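Everything on this sheet refers to the single structure shown next.
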Amino acid sequence: MSVDVSALYEICQRLEETSTKDSGDFQCCIDAVKSSDASTKKLAIQIVFRFFDSFPDKRVSALNTLMSQLNEPDVEVQKLVIKGLPSTCQRHADYVDQVGDVLAQLLSAHDRQESLLVRKSLSSLLVSHPKPTLVAMYCAVNDAENIDEKVTMLKFMDEKVSRLLKGELSPLMKRKIAKIYKAMLVSATPDEIELVLRFMGKSTQISDEEKLAVFTEALEELVERGLELDAEIDDGDAQDFISTVNNVVKIVLILNSAARSYTMPRKMTNYLFSKFGKLRLIHASDRKDIMKVLATVTHLGSYEEPDDFSCVIKLFDYLRVIFLDILCIWNERQCTNHLILNHIVLQFSDFRRFEHPISNVVND
């Protein structure tokens, strides 16, 4: 039966005044949520939320109908639904998983007011039902395909667990979150991985020791992936070369976050050092990142020595050419930025520990 605003007010009054409420009246309100008339739709949404708990057998149908309105082009309709969703979980936790999952997905809303409403509704749900809401949010993070969306949800969780809930995640949830971090580090692009690393640096959801374990597992998987790629690639193929460079850059960026606490195993040292001969072909910004991090690693001595020291000679040859180029630019332009030069000098000085092995390679 089609109803308008006037009919909805009459239905609402009957539901308010009678102790024996007619489920047919409530069904009319559910149907009116799908009305093409904006005023009728908005009033129906409010009535359905108001009497949601009065009709247990209609809850599933009512909630699904309400959630379908989140796809409406009218932002005001979306806001009305977002604001009311926590009320469906006030007296019980039956729908927290569904509501929490949907609200978590909406955290990336572009409309500022809508985004604030989502955060407020999700915060309300967390206070009322902390454990099932966190589980629902974890599921939303796990299912999200976009790294930006994952980080947005994780930031919200991080903020609310420490401030709103005044506690910390359970060991099981920490392991689940750590697994998500690792998956993001492995699958992200070099640009995305910087976003993930910045967030991880500030996050309090897992400890520094747990973060180091995440870095270690991600690095091991990336090195294995790099070795598999090396075995399959065609040196002359541009796309294969880009894939190799991206993999190396990702490893280097993670190393930069874990440098002082992490010791590179020999397999990783071999993999990274084997790329020195190709540094001339890498974009200058990527090359600078690689040089900076490897300078720090060699300075700290936090790596196992490579099996093949001939790759170190390639590094010296590469550095020697760059060193001379930098000196020429320095003289011509009176450059005042010492950063690149300092890294190159540091590389030379730090590789003195290879002096004996290098001399053996040279003699051979």
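Among residues belonging to the stretch 108-123 that are surrounded by fewer than 18 Cβ atoms within 10 Å (Cβ to Cβ) and touching a helix residue (DSSP H, G or I) at 6+ places or on another chain (Cβ under 6 Å), point out the one that is nearest to Ser162 (Cα to Cα).
Ser108
With the condition kept exactly as written, say whether any residue in the stretch 217-232 is out of contact with any strand residue (DSSP E or B) (no Cβ under 6 Å at 6 or more places or on another chain), closer than 27 Å to Ser162 by Cβ, assigned to a helix (DSSP H, G or I) and modelled with pLDDT of 90 or more.
So far as the stretch 217-232 goes, yes, one or more of its residues are out of contact with any strand residue (DSSP E or B) (no Cβ under 6 Å at 6 or more places or on another chain), closer than 27 Å to Ser162 by Cβ, assigned to a helix (DSSP H, G or I) and modelled with pLDDT of 90 or more.
Within the bounds of the stretch 93-101, is there any residue that is over 30 Å from Ser23 (Cα atoms), of a type in the set (Gly, Ala, Ser) and surrounded by 15 or more Cβ atoms within 10 Å (Cβ to Cβ)?
No, that holds for no residue.
Every residue in the stretch 188-207 that is within 16 Å of the chain's Cα centre (by Cα) and either outside any helix (DSSP H, G or I) or small (Gly, Ala, Ser) (or both), please.
Ala188, Thr189, Gly201, Ser203, Thr204, Gln205, Ile206
Going through Val102, Val96 one at a time, which residue ends up being of a type in the set (A, V, I, L, M, F, W, C), in the same structural domain as Ser124 (by TED's automatic domain parsing) and in contact with a Pro (Cβ under 8 Å, 6 or more places away or on another chain)?
Among Val102, Val96, only Val96 is of a type in the set (A, V, I, L, M, F, W, C), in the same structural domain as Ser124 (by TED's automatic domain parsing) and in contact with a Pro (Cβ under 8 Å, 6 or more places away or on another chain).
Listed residues Leu185, Leu169; which is assigned to a loop (DSSP other than H, G, I, E, B), surrounded by 17 or more Cβ atoms within 10 Å (Cβ to Cβ) and either outside the structural domain of Asp101 (by TED's automatic domain parsing) or of a type outside the set (Gly, Ala, Ser) (or both)?
It is Leu169.
Taking the stretch 124-142, which residues are touching a helix residue (DSSP H, G or I) at 6+ places or on another chain (Cβ under 8 Å) and either closer than 13 Å to Ile82 by Cα or of a type in the set (D, E, K, R) (or both)?
Of everything in the stretch 124-142, those that are touching a helix residue (DSSP H, G or I) at 6+ places or on another chain (Cβ under 8 Å) and either closer than 13 Å to Ile82 by Cα or of a type in the set (D, E, K, R) (or both) turn out to be Ser124, Leu125.
Among the candidates Leu229, Leu253, single out the residue that is under 17 Å from Ala188 (Cα atoms) and either surrounded by fewer than 19 Cβ atoms within 10 Å (Cβ to Cβ) or among the aromatic types (Phe, Trp, Tyr) (or both).
So the residue among Leu229, Leu253 that is under 17 Å from Ala188 (Cα atoms) and either surrounded by fewer than 19 Cβ atoms within 10 Å (Cβ to Cβ) or among the aromatic types (Phe, Trp, Tyr) (or both) is Leu229.
Does Lys211 satisfy being outside the structural domain of Asn256 (by TED's automatic domain parsing) and basic (Lys, Arg)?
no
Which condition does Glu145 not pass, out of (1) among the charged types (D, E, K, R); (2) assigned to a helix (DSSP H, G or I); (3) under 13 Å from the mean Cα position of the chain (by Cα); (4) exposed (fewer than 15 other Cβ atoms within 10 Å of the Cβ), if it passes all the others?
(2) is the only condition that Glu145 fails.
The values are calculated or read from the model by the stated rules, or taken from the named source; none is laboratory data. From a predicted model like this one, the values you see are computed outputs, not experimental measurements. Counting neighbours? That spans all protein chains shown, and the Cβs are built from the backbone with ideal geometry, glycine included.
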